[in-house]
Amino acid sequence: KSRRVGGATYQVPIEVDDLKEYRIAEKVFYNSKMNTKEERFNAEQNLAKARKQLGIAKLDGAVEWINEHLESSNKSKLVIFAYHRDVLEALAEKLGTDNSVLFYGGMTPTEKDNAVKQFIENDKIKFFLGNSLSAGTGVDGLNKVTSTAVMVETLYSHAEWEQAKGRVRRKNSTFDAYFCYNLIVPNTLDEKILKVLDRKAKET
């Protein structure tokens, strides 16, 4: 069951069977010292490792929710964001490479343009799988075919979060409303970061 947190943005708890690797990385991060520049750098690296392990752990639960939502909501297409390329590529494999397009920083401009074009024009393409940073800004047209974005990995910046959601809520949209679903794992960094983002949203 999802919980509305303001506007058309929802937090959706998903179940994860194995958080062992994430919990190890999380513990290392929480035990990080940050007194010196070097220690702060190491803490950032430890956070990055925990963040990636959480993204990997969420894959099966995220794919299950995405497929169920696509079917139950009568949506024909979804824009899906993740932070790590490994997570995006795994999502493409699990959702089906024949009905997904990828969009991330290592692609050429032509490859990126083709991914957007295929998602908009090809009825067989159901999922636009975009890196939340490179696809979160400057990508237009996705709102022509969908009003729904799904965040598989939690963004750590309120501005980047809003920019990414904005891909499906452009001024020229033909949809009456837009929706954004944040897939979270309870009692993890997901919840902590979203609380911070929610607080910042109320301040703006």
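Any chance you could give the angle, 0 to 90 degrees and rounded to 10, that helix 109-121 forms with the longest Cα principal axis of the chain?
Its long axis makes an angle of about 60 degrees.
Mind checking the per residue accessible area of the range 69-123 for me, 1.4 Å probe, whole number of Å²?
Here the residues of the range 69-123 average 53 Å² of exposed surface.
Report Ile193's accessible area, 1.4 Å probe, all protein chains in place, as a number in Å² to the nearest 10.
Counting only protein heavy atoms, the figure is 30 Å².
Using 27 Å as the Cα-Cα cut-off, could you pick out the over-long pairs in Lys124/Lys202; Lys52/Lys117; Lys77/Lys112; Lys49/Lys195; Lys124/Lys165; Lys58/Lys124?
Long pairs (Cα-Cα over 27 Å): Lys124/Lys202; Lys52/Lys117.
Report the relative contact order of the chain, percent, no decimals, based on alpha-carbon pairs under 8 angstrom and at least 6 residues apart.
It rounds to 23 percent for the chain.
Where the centroid of each part is defined by its Cα atoms, how far is the range 174-204 from the range 30-64 in Å?
19
Residue by residue through the range 85-99, what is 3J(HN,Hα) from phi via Karplus (6.51 cos²θ - 1.76 cosθ + 1.60, θ = phi - 60°)? Round to whole Hz and write x for glycine and proline.
4, 4, 5, 4, 5, 5, 4, 4, 5, 6, 7, x, 5, 7, 10
Angle check, please: helix 59-72 long axis (alpha carbons) against the longest principal axis of the chain (alpha carbons), in degrees 0 to 90, nearest 10.
30
Calculate how steeply helix 20-30 sits against the longest principal axis of the alpha-carbon atoms of the chain, using the helix alpha-carbon long axis, and give the answer as 0 to 90 degrees to the nearest 10.
On a 0 to 90 degree scale, this one is about 60.
Express the carbon and sulfur contribution to the solvent-accessible surface of the range 5-143 as a percent, rounded to the nearest whole number, probe 1.4 angstrom.
Accessible surface attributable to carbon and sulfur in the range 5-143 totals 46 percent.
The values are calculated or read from the model by the stated rules, or taken from the named source; none is laboratory data. Fair warning: this is a prediction, and the values are worked out from it, not measured in the lab. The accessibility values were calculated without ligands, DNA or RNA, using every heavy atom of the protein model including side chains. Shrake-Rupley method; radii C 1.70, N 1.55, O 1.52, S 1.80 Å.
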